[in-house]
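Undergrad: Before I ask anything, here is the structure I am working with.
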Amino acid sequence: MVLLSAAAAARAILISLHEVMASRSGPQAKLNQIVEVIGAKLDSEVCSIYLLREGMLELFATRGLNQAAVHVTRLAVGEGLVGTIASNIETLNLAEAAAHPDFAFRPETGEEKFHSFAGVPIVRRERAVGVVAVQHVDPRRYEEVEIEALQTVAMVLSEMIANAELIDAEDALGVSAQQTGPERLKGQPLVKGIAAGLAVYHQPRVTIEQIVAEDTEAERQRVYLAFDRMREQIDRMASQAEFGVGGEHEEVLETYRMFAYDEGWSRRINEAIDSGLTAEAAIERVQQRTRMRMRQIDDPLLADRMHDLEDLSNRLLRIVSGQLGTAASMGLKGDAILIARNLGPAELLEYDRRRLKGVILEEGSLTSHVVIVARAMGIPVIGRVRGLRGCVRDGDQLLVDGDQGVIDVRPLPARTEAFETRFAKNRERQAHYAAMRDVEPVTRDGTRISVMINAGLRDDLPMLGLTGADGIGLFRTEFQFLVSATLPARERQTRLYRDVLDAAGDRPVVFRTVDIGGDKVLPYLRHNGGEAEENPAMGWRALRVALERDGLLKVQARSLLEAAGGRTLNVMFPMVTEPWEFDAAKAVFDGQLAFLKKQKKPLPEAIRFGAMLEVPALAECLDVLAPKISFLSIGTNDLTQFLFAADRAHSKLAERYDWLSPAIMRFLRRVVQSVAPYGIDLTVCGEMGGRRLEALALLGLGITRLSITPAAVGPVKELVRKVNLPDIASAMSGWLDAPPPNLRAALSEWACQRGIECD
Ligand code: PEP
Ligand code: MG
């Protein structure tokens with residue numbers, strides 16, 4: 001063949017194919033013409049098209065092989081070269097076909113005289129629905145230009161299949177779906193529970209409506225503009241540091257920027273447009289090619305980068321096609337399992353709670369806020385799942401086992417039935433815990449333990465009644481800010497706080513002032529003066545923001561004081577690092593109180609101020625702080641990340657450190673001892689308090705107040721009633737003085753021997 005540029009070769013073929021597509025001939029005639037066109041343009045003696053029918057790759061048309069083989073030669077997916085291309089979704093380019101280990105000779109085709117072979121998959125919705133292959137007598141590898149032309153042809157064929165011009169599309173796809181069969185993926189269990197539903201991608205893949213361009217110049221313009229917008233978006237993200245929720249986000253952003261400004265990428269898209277594709281098809285075409293190349297390189301670092309490029313390419317596609325919304329904006333149609341790389345808590349809250357049954361994240365960690373929110377919503381979450389995108393399509397049936405961290409994709413009926421049995425058991429267990437609503441959490445030695453819930457939204461309030469909890473030990477006020485499109489006005493804040501107090505009745509509610517920052521980012525609040533933060537969890541967040549932007553804290557103080565008129569108000573400040581910060585925050589409340597007094601507004605009957613112990617430094621100054629406060633609440637989510645210097649939202653560190661480590665436990669023991677002389681309430685409100693084994697350890701340290709996720713109230717109450725405090729206290733004391741090699745294992749065995757269930 002006279003080598004044209006890739007674009008010119010593909011364009012020449014596309015023009016001819018366009019004519020074929022426009023013709024009135026029937027499917028078989030069209031296919032016959034197509035193989036002729038491709039064979040002639042690529043100067044190949046053979047061109048064949050195999051399409052998936054009834055689960056087999058059937059030779060539908062050929063130029064060069066025996067015509068008698070058409071509709072006779074059939075290969076299973078994975079069988080022979082054609083089957084290998086389809087199953088791996090990869091291109092093969094071989095100088096000597098018979099030398100390939102997967103080569104399967106089919107005598108009816110008469111292919112023995114052809115040595116070279118190149119084939120590319122015809123891909124539809126990330127599945128191969130066929131293969132287009134060329135063969136040549138001379139043993140030579142096909143040129144890159146020819147392969148690219150072939151890949152473009154495969155895209156057009158895929159569109160024709162979708163339009164039912166070649167084979168009934170549903171037939172082809174239906175068969176391929178069955179053919180795909182069940183698969184199992186593994187990840188890290190982040191929120192326990194099981195769920196079933198259909199896969200919904202948070203950022204759906206764009207459907208490409210048209211592949212062949214009518215006006216190449218117009219397509220080029222569209223891509224230009226889309227690139228501009230995408231680059232703007234990435235730059236904005238970088239400047240606002242509002243992207244992602246992981247410690248890796250800096251690195252990811254840098255990579256994004258590199259790709260977004262990569263001249264090579266935009267040039268390749270332009271070349272694909274030159275070959276006659278629409279902007280969308282060109283972006284997808286280039287992405288497919290990159291995907292295929294990357295598949296051949298077995299390097300996990302590169303695979304991560306590929307992931308970034310996929311994300312970016314999808315972003316570009318969404319911009320160019322105008323398909324911008326997330327799945328939340330389109331609404332969930334039925335029971336759904338949401339799939340995302342990562343999510344912010346606000347993004348999760350945009351979904352319909354009745355239909356959202358489970359969440360699968362490619363990243364995620366136990367104490368990231370999206371996971372805390374999901375836990376509060378009772379939605380199982382599995383994180384750190386690899387290989388999702390290649391295996392799960394939108395709409396696939398999924399079973400999520402958040403206890404084991406296992407996902408069944410397109411499960412067999414037997415597996416679904418087993419799940420049904422587990423659902424029934426779960427309902428029984430829930431009924432059992434619900435029946436414990438009025439049971440008091442008293443230990444065997446007669447100590448009343450206070451079991452409260454963590455909450456943050458109006459929707460959480462019914463949980464107080466359902467669980468029979470002793471109150472709300474942590475009300476995360478920032479959740480209202482996270483779910484709002486703009487900063488919530490004072491009246492709205494007051495209304496929410498009043499509703500919370502009404503719902504709680506005489507049970508106490510501890511309102512924590514806003515803890516914004518870290519992984520809780522408000523898109524409408526420009527952070528850190530617009531500067532990206534290197535370590536947002538240790539950055540400008542929580543009380544640090546509130547003290548500097550005291551307008552924010554003043555409004556909240558007014559709202560809380562007004563809402564609690566005539567009642568007791570419990571206010572807690574997050575991330576207090578040094579005692580003076582507590583004083584400064586309290587002074588804001590005192591100022592507002594004086595103002596309301598002057599206005600003769602109803603005031604709270606009593607105000608109790610407290611602090612969160614989340615920053616280790618504060619533990620060294622408890623003697624200074626304790627006399628000023630009514631209560632101290634240990635936020636172990638943050639505290640442990642700082643003690644271990646391990647980002648709580650970092651998926652790679654998610655399993656590295658154990659809450660049940662001597663370091664954490666000794667630290668907590670010291671805190672218990674430090675505050676004991678002051679007679680103030682000491683609570684643990686981090687996630688660990690909701691896990692039974694951890695709760696047992698905390699009881700052993702002398703902690704008698706827990707504020708936990710509502711779903712854990714029943715199980716923890718049950719635990720409390722089986723525990724004899726002096727026993728666990730002495731066991732813990734022994735272990736902490738001389739730590740066993742594995743404290744978790746020792747504690748677990750201890751509990752097991754005493755018939756205390758602590759899963
Ligand atoms: C904590 O840090 O333990 C805590 C309860 O607060 P949050 O999880 O909201 O940071
Ligand atoms: Mg915290």
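Undergrad: Give the Rg/Rh ratio for the range 339-478, taking Rg as the radius of gyration of the Cα atoms and Rh as the Kirkwood radius, to two decimals.
TA: Working: Rg = 17.5 Å, Rh = 17.3 Å.
In the range 339-478, Rg relative to Rh is 1.01.
Undergrad: Round to the nearest 10 and give me the degree value, 0 to 90, for the angle of helix 662-675's Cα axis relative to the longest principal axis of the chain.
TA: On a 0 to 90 degree scale, this one is about 30.
Undergrad: Please name which of GLY702, ILE234, VAL191 has its Cα lying farthest along the dipole of the chain towards the positive end, using unit charges on Cβ (Lys, Arg +1; Asp, Glu -1) and the Cα centre as origin.
TA: So the residue furthest toward the plus end is GLY702.
Undergrad: Determine, for HIS432, HIS369, the number of other Cβ atoms within 10 Å of each Cβ, and report the residues in order from fewest to most.
TA: The fewest-first ordering by Cβ neighbours comes to HIS432, HIS369.
Undergrad: From the C-alpha gyration tensor of the range 600-677, pull out the three semi-axes of the equivalent ellipsoid (sqrt of 5λ each), sorted largest to smallest, in whole Å.
TA: Details: eigenvalues 178, 57, 16 Å².
Ellipsoid semi-axes (Å, largest first): 30, 17, 9.
Undergrad: Could I ask something else about it? Which shape class applies to the range 404-508: rounded if a/c is under 1.5, otherwise prolate when a/b exceeds b/c and oblate if not, where a ≥ b ≥ c are the square roots of the Cα gyration tensor eigenvalues?
TA: oblate
Undergrad: OK, next. Considering the options ALA617, VAL675, GLN641, tell which one lies farthest towards the positive end of the dipole of the range 597-692, charges being +1 on Lys and Arg and -1 on Asp and Glu at the Cβ, about the Cα centre.
TA: The Cα lying farthest towards the positive end belongs to VAL675.
Undergrad: Contact order normalised by length for the range 549-608, with contacts defined as Cα pairs under 8 Å and 6 or more residues apart; what percent is it?
TA: 54 percent
Undergrad: Filter the trypsin sites (Lys or Arg not before Pro) in the range 13-77 to those in DSSP coil with at most 15 other Cβ atoms within 10 Å of their Cβ, and list the result.
TA: Sparse-neighbourhood loop trypsin sites (Lys or Arg not before Pro): ARG24.
Undergrad: To continue, here is another question. Taking only C-alpha pairs under 8 Å that are 6+ residues apart, what is the relative contact order of the chain in percent?
TA: 11 percent
Undergrad: Additional query: For VAL442, VAL206, which order do you get if you count the other beta carbons within 10 Å of each Cβ and list the fewest first?
TA: VAL442, VAL206
Undergrad: Also, quick follow-up: Using a 10 Å cut-off on Cβ atoms, rank the peptides 353-366, 616-629, 394-407 from the highest mean neighbour count down.
TA: 353-366, 394-407, 616-629
Undergrad: Kindly list the residues of the range 543-573 that lie in the label zone of GLU491, defined by a backbone N under 19 Å from the point 7 Å along the Cα-to-C-beta vector.
TA: 555-565
Undergrad: Another question, then. Rounded to the nearest 20 debye, what is the charge dipole size of the chain about its Cα centre when +1 sits on each Lys and Arg Cβ and -1 on each Asp and Glu Cβ?
TA: Dipole size: approximately 2860 debye.
Undergrad: Let me know the volume per residue of the alpha-carbon convex hull for the range 637-759, in Å³.
TA: Normalising the Cα hull of the range 637-759 by residue number yields 115 Å³.
Undergrad: Distance check, please: which entries in LYS357/LYS717; LYS333/LYS357; LYS554/LYS586; LYS554/LYS598; LYS554/LYS597 exceed 18 angstrom between their Cα atoms?
TA: Check vs 18 Å cut-off fails for LYS357/LYS717.
Undergrad: What angle do you read, to the nearest 10 degrees and between 0 and 90, between the alpha-carbon axis of helix 263-274 and the longest principal axis of the chain?
TA: With rounding to tens, the tilt is 40 degrees.
Undergrad: Hey, another quick one. Could you tell me the distance between the Cα centroids of the range 320-347 and the range 44-69, to the nearest Å?
TA: Centre-to-centre distance over Cα atoms comes out at 40 Å.
Undergrad: Not counting the cut sites, what is the longest span of the chain without chymotrypsin sites (Phe, Trp or Tyr not before Pro) that DSSP labels loop and that have at most 12 other Cβ atoms within 10 Å?
TA: 106-523
Undergrad: Restricting to Cα atoms and excluding each atom paired with itself, what does the Kirkwood estimate give for the chain in Å?
TA: When all Cα pairs of the chain are included, the Kirkwood radius is 29.2 Å.
Undergrad: Where does helix 279-295 land angle-wise versus the long Cα axis of the chain, in degrees 0 to 90, nearest 10?
TA: Tilt relative to the chain: about 80 degrees.
Undergrad: When DSSP assigns beta bridges and you keep just the ones with both residues in the range 381-507, what percent turn out antiparallel, to the nearest 5?
TA: 60 percent
Undergrad: Using only the Cα atoms, what convex hull volume per residue in Å³ does the range 1-119 have?
TA: So the per-residue hull volume is 111 Å³.
Undergrad: Projecting each Cα onto the charge dipole of the chain (Lys/Arg +1, Asp/Glu -1 at the beta carbon, about the Cα centre), which of PHE511, GLY402, GLN67 comes out farthest on the positive side?
TA: Sorting the options by dipole projection puts first PHE511.
Undergrad: Between ASP550 and ASP403, what length in nm is gained on full extension when 0.36 nm per residue of separation is reduced by their alpha carbon distance?
TA: Gain on extension, ASP550 to ASP403, equals 48.6 nm.
Read-outs: derived from the displayed coordinates by stated rules, not from any lab. Worth saying up front: this structure is predicted, and the values here are computed from it rather than measured. Neighbour counts are summed over all protein chains in view; Cβ atoms, including those assigned to glycine, are modelled from backbone coordinates with ideal geometry.
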